[in-house]
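These notes are about the structure you will find just below.
The values are calculated or read from the model by the stated rules, or taken from the named source; none is laboratory data. Owing to the predicted nature of the structure, the values given are computational and were not obtained by experimental measurement. Here the Cβ positions follow ideal geometry from the backbone for every residue, glycine too, while neighbour counts run over all protein chains shown.
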Amino acid sequence: MKRLILFISTLLLLLVSPAAAFASSNPLTAACTAQGGAGSSSSTCSSKSASGKNLIFGTGGVIEKATLILATIGGIAAVFIIIISGIRIVTSNGDSNSMAGARNAIIGALVGLILIGVATSIVTFVVSKIG
């Protein structure tokens, strides 16, 4: 159990550290203004709609929508794993190996759901700061 907690905390630290570093500034700003603004004519640098909203990094942009779609798919998969593992526990007929495998699958799915929630929150926060 201690190894699992250590693994999860290390993984969260690795996920949060880059998010905190990039939340303070837009990484594309330097590229778009480098060399006298030579990159400012590219489609990436001018990714704003007519209303001035950033279509890629802004709130409701491509990055945020893709993150929410992936989080939804991952959440649905985790719920299916939990349901199937619950059925495996009920139909295990007291077999300890089968019950342990199903229990581990449920724990993994729950950890996955927590990581999906944390990752989605981090991406939404970073996108709101960039856009």
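Just the residues that are over 10 Å from ILE82 (Cα atoms) and either touching a strand residue (DSSP E or B) at 6+ places or on another chain (Cβ under 6 Å) or touching a residue at least 24 places away in the same chain (Cβ under 8 Å) (or both), please, taken from segment 98-113.
VAL111, GLY112, LEU113
Would a scan of segment 116-123 turn up a residue that is of a type in the set (Val, Ile, Thr), at pLDDT below 90 and farther than 26 Å from ARG3 by Cα?
yes
Does segment 94-111 contain any residue that is within 28 Å of LYS129 (Cβ to Cβ) and at pLDDT 90 or above? Spell out how you get there, then give the answer.
First, the residues of segment 94-111 that are within 28 Å of LYS129 (Cβ to Cβ): 111.
Now drop any that are not at pLDDT 90 or above, which leaves 111.
Within segment 94-111 (the criterion being within 28 Å of LYS129 (Cβ to Cβ) and at pLDDT 90 or above), the answer is yes, since at least one residue qualifies.
Within the group THR91, THR67, THR59, THR33, which residue is surrounded by 12 or more Cβ atoms within 10 Å (Cβ to Cβ) and modelled with pLDDT of 85 or more?
Of THR91, THR67, THR59, THR33, the one residue that is surrounded by 12 or more Cβ atoms within 10 Å (Cβ to Cβ) and modelled with pLDDT of 85 or more is THR67.
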